Ligand code: PEP
Ligand code: MG
């Protein structure tokens, strides 16, 4: 037998306007690596380098360090040689050393998740070479001490474990500052920096027992392997978990020639966006720092300057800085380095045109030469996502279908969140102003540590600056406020990605972590005090501020219209009150898919009659109480029919177990006994009699209507009479009466008989008619199995996937929270099946039920009204299942509309 040896490329080179890879190779090269290759191909000046593929990360996890190094050694050596040729310097050379950066890069961007090592290749000899090469001794030694610090932390495991632990390097720095009576890093002399280098190496030896590696190749292999290790680090795991990214994706490693932004006043570094990531406005924007390295901009330690003049002027206004001070102290790059700015502006246009989407770019200026370090599709808020997409559509860059497919439906949620009530804002006391880093409204109690973000129900995380360790707390908090950092600081970027309100760089805040206080203008706020953030204006407000529901308008409205153009399925809503029905109609609901009638019985004026009905021991007694409930139900339904103005309305008959309605506390039991003129013992014994071992599987759903048909009769009467009354006002009505929890054909047939007889009697009495239909929920597995038989009688099906999930898995909806989080953490389940439809299991019953139902009745109307009706991947499934509509809570209607359109477009493809 012939054997073939597969020669697999594990290292892809780029630079000098050519590349082995391209942007389509994201899965193999990671997002960053693929983009570096692509940029190089289209003539953007990226520092030359190479990418070690994500597959090697997987190989590393399987085979270990030694084996993996032997697999890639010769490819890496060749690639380094090529960088040396392009840069005219040599890796490991004493006189003219080439320095490298080593960065991670997964297929999707995970900001701040993975570790980076810069200035790799420095040692006691190379540092002298850099001194000679640049003539800048201070820069050379500062780079060296930064390298040891970074490498020691990232590769040699010297990063502090917790917030309480001191960073050994920072400790040395602080001690030296104290000894020398200086405050800033920039106050160190060259001798100080040299001392730091030696002290750093000592502490490495002391803490790890190993010498700091002097051989550049040892340094390189150490860093590459550390990037692979960081893929399984805590931060990366958490980020993967919240975004549901699988562990087997792995990360690529990007090794690149170092370029320096900290080589003097003709050098600098920055981050820029081709459009505004917060609002979506089509303006080039970004921030830079002169004489700084990349991490200085994102770390939020120095407040950066704006790239464009327009941005700079806007920023100065917010920061209350005069035009004169702005020009001298914080000039824009456009003003300070006009030629470099022009070049950068050219590249940003090229890159956005090329990728046909908003780009987030990093650049460095080294002694007057501009290098683009990376570009990627920029993270953006929900509002910016909508605006940018609709603008690109209008500009003719993308077509309608692509525009719809670019929307992340779940992200629309941000636009549907409350905004501050403008009236409440009139009285608001603004205590300070920061940068509007991520829009929205947030009100909550102050916490100063990410670990305490759960301390109160609504928290605002207040920090001098945030770091990747704070991620979980940022996710839990309502809003984030930082005293330092710009629009591209860690806090700002992460908050925008999360769609979380954030204000950064509020310089007037003084934060004291020890005392847990925040001081502004002499006023002190403490842990637990309420503050409010307006992430759209940067206003920080004292106390709680009332919020208001948002509206669909502008680009959002256009997006919704566009969705409807491509959707096949209709989107209805689950609404129990006229108010909810109106909210949903404003969001574009095309009917009501579920009105849970029981919710109406909990209101104060009705619960009494309801309890009387439940406690009645005779049919006569029950009917008496039902007569009291009838007018209330009828007027509820009239309100809903009027609100829906002729759109179909599905009303479900009483569903929950009766014990939910009776009082369990002694005081209320006493009250009830008095009201009904019966003894307390009688109430108590009835309550006890209603107690069930498994209420979810007990006397509920159509089992109630079948044992007490007078309830069905009353509810039907209320629905039909309400419909007739509304019709008399000239409003069209389409009631659909729905029987819950059907498991056998006869359960449905019996209920249908009661409904139809009641309706016919009313029509005869009032000598008028309306069209109505009688259908059923499919929420018990047996109903899905018997769907062909049930469909012989039912006019429509609505899948109740909440109960269907409960009964298919055998997980109690009320108790699953005890074990589901652990199942998710352990990976036993990938997703919560009550949130995301389990397509493999529960979904099969949905498919089967639909198919069998339509076998008997080809035009059977089929919908879904479980929670899954508003979850994008489940909506897509419902489309594929051939449903006529999905029904979801009012605030998810826009999400479902886009998801339904995407499903239709994807099917076409
Ligand atoms: C369902 O079970 O999916 C459903 C919509 O009904 P409920 O949640 O009221 O049980
Ligand atoms: Mg149900």
Subject >> Ranked packing of 277-284, 774-781, 763-770, most packed first, by mean Cβ within 10 Å >> reply: 774-781, 277-284, 763-770
Original post:
Given the stretch 407-562, what percent of its DSSP beta bridges are antiparallel, to the nearest 5?
Top reply: 70 percent
Original post:
Angle, helix 382-394 long axis vs. longest principal axis of the chain, Cα atoms, 0 to 90°, nearest 10?
Top reply: 80 degrees
Original post:
Once the Cα atoms of helix 137-154 and of the chain are each reduced to a long axis, what angle between those two axes, in degrees from 0 to 90 to the nearest 10, is obtained?
Top reply: 40 degrees
Subject >> Span from the the stretch 20-37 Cα centroid across to the the stretch 426-481 one, whole angstrom >> reply: 36 Å
Original post:
Given the C-alpha centroids of the stretch 637-672 and the stretch 127-206, what is the distance between them in whole angstrom?
Top reply: 69 Å
Subject >> Antiparallel bridges, percent of DSSP beta bridges restricted to the chain (to nearest 5) >> reply: 65 percent
**OP:** Using only Cα atoms, locate the centre of the stretch 234-277 and the centre of the stretch 486-558, then give the distance between them in Å, rounded to an integer.
**Re:** 25 Å
**OP:** Obtain the nm distance between the two label points defined at residue 70 and residue 851 by a simple spin-label model: each point lies 7 Å from its Cα along the Cα-to-C-beta direction.
**Re:** 5.2 nm
Original post:
Given R₀ = 51 Å, FRET efficiency for residue 27-residue 694 by Cβ-Cβ distance, to 0.05?
Top reply: 0.60
Subject >> Burial order of peptide ranges 250-259, 330-339 (average beta-carbon count within 10 Å, highest first) >> reply: 250-259, 330-339
Original post:
How far, in degrees from 0 to 90, does helix 666-676 lean away from the longest principal axis of the Cα atoms of the chain, to the nearest 10?
Top reply: 30 degrees
**OP:** Extending each Cα 7 Å along its Cβ direction at residue 605 and residue 544, get the distance between those two points in nm, one decimal.
**Re:** 2.8 nm
Original post:
Once a ≥ b ≥ c are taken as the square roots of the eigenvalues of the Cα gyration tensor of the stretch 507-595, is the result rounded (a/c under 1.5), prolate (a/b larger than b/c) or oblate (a/b not larger than b/c)?
Top reply: prolate
Original post:
For the peptides 177-186, 190-199, 673-682, 615-624, what is the packing order when you average, over each peptide's residues, the other Cβ atoms within 10 Å and list the highest mean first?
Top reply: 190-199, 615-624, 673-682, 177-186
**OP:** Return the FRET efficiency for the residue pair residue 167, residue 840: r is the Cβ-Cβ distance, R0 is 60 Å, and the value is rounded to the nearest 0.05.
**Re:** 0.80
Original post:
Once you sort the root eigenvalues of the Cα gyration tensor of the stretch 543-645 as a ≥ b ≥ c, which label holds: rounded (a/c under 1.5), prolate (a/b larger than b/c) or oblate (the other case)?
Top reply: prolate
**OP:** Please give the calculated 222 nm ellipticity per residue for the chain, where each DSSP H segment of at least 4 residues contributes -39500 (n - 2.57) and the sum is spread over every residue; nearest 500 deg cm²/dmol?
**Re:** -14000 deg cm²/dmol
**OP:** Output the Kirkwood hydrodynamic radius of the stretch 1-68, Cα pairs only, in Å rounded to one decimal.
**Re:** 12.9 Å
Original post:
How are the Cα pair distances of the chain distributed, in percent, across 10 Å bins from 0?
Top reply: 2, 10, 17, 20, 18, 13, 9, 6, 3, 1, 0
Original post:
So how far apart, in nm, are the two label points at residue 234 and residue 635 if each is 7 Å from Cα heading toward Cβ?
Top reply: 5.9 nm
Subject >> Computed E for residue 245/residue 684 - FRET, C-beta separation, R0 56 angstrom, nearest 0.05 >> reply: 0.55
Original post:
By the gyration tensor of its Cα atoms, with a ≥ b ≥ c the square roots of the eigenvalues, what is the shape of the stretch 153-289: rounded for a/c under 1.5, prolate for a/b over b/c, or oblate?
Top reply: oblate
Subject >> Added length on full extension, which subtracts the Cα-Cα distance from 0.36 nm per residue, residue 623 to residue 908 >> reply: 97.1 nm
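Quick note: the coordinates plus some simple rules give every number you see, no bench work behind them. Predicted, not measured: the structure shown is a model, and the values here were computed from it. Positions of Cβ are backbone-derived with ideal geometry, glycine not excepted, and every protein chain shown enters the neighbour counts.
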